[in-house]
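S.K.: The following block contains the structure, expressed as structure tokens.
Quick note: the coordinates plus some simple rules give every number you see, no bench work behind them. What you see is a predicted model; the values in this text were computed from it and never measured. Neighbour counts run over all protein chains shown; Cβ positions are idealised from the backbone, glycine included.
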Amino acid sequence: MFNLTPYERKINLWNPFHELDEIEKNFFGNNNATSFKTDIKDEGDHYLLEADLPGFKKDDISIDVDDGYLTITATRKSEYEDKDKKGNYVRVERSYGTYSRSFSLDGIDSDKISASLNDGVLALTLPKEEKVLPKTRKLEIK
């Protein structure tokens, strides 16, 4: 119907780093190849973290809790280098390597975290710590 193009605001001020930013975007692309997208929802008594990891098997994903941080690491190995020594590939665009994200566990009961993987979505249930109210008592005057 219409041919839409992204709007780019033109500023008349000269930015010496603009050209370097454009070179980096053209070379690496606009996506961040070393991480993956996540959503975190507050479900009342817990948080639900959902991470998009399409194409990863359960054995390729590692979830570590260390020193107050949760780290999700996913590794994808290059299959075309190992299996196709004849060079039959015309184009290879899928990325391979290690992808990692870390999250602070402030206010989370790290002993009760659970995880599941379904249709390329890793779901982590992060239970909130129960707030311990200080005990109150009445002192008797002697």
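S.K.: Using a basic spin-label model with each label point 7 Å from the Cα along Cα→Cβ, how many nm lie between LYS77 and LYS135?
M.R.: 5.6 nm
S.K.: Order these peptides, 48-61, 88-101, by their mean beta-carbon neighbour count within 10 angstrom, highest first. Working shown, then result.
M.R.: Values: 48-61: 14.3, 88-101: 10.9.
Packing proxy ranking, top to bottom: 48-61, 88-101.
S.K.: To the nearest whole percent, what portion of all C-alpha pairs in segment 36-127 is separated by more than 21 angstrom?
M.R.: Summing the P(r) of segment 36-127 above 21 Å gives 40 percent of all pairs.
S.K.: Run the simple label-point estimate for ASN88 and LEU117 please: 7 Å along Cα→C-beta, distance reported in nm.
M.R.: Rounded to a tenth, the inter-label distance reads 2.6 nm.
S.K.: Output ³J(HN,Hα) for segment 39-49: one whole-Hz value per residue in order, computed from phi by the Karplus curve 6.51 cos²θ - 1.76 cosθ + 1.60 with θ = phi - 60°, and x for Gly and Pro.
M.R.: Running phi through 6.51 cos²θ - 1.76 cosθ + 1.60 with θ = phi - 60° gives 10, 10, 10, 8, 9, x, 8, 8, 9, 10, 9 Hz.
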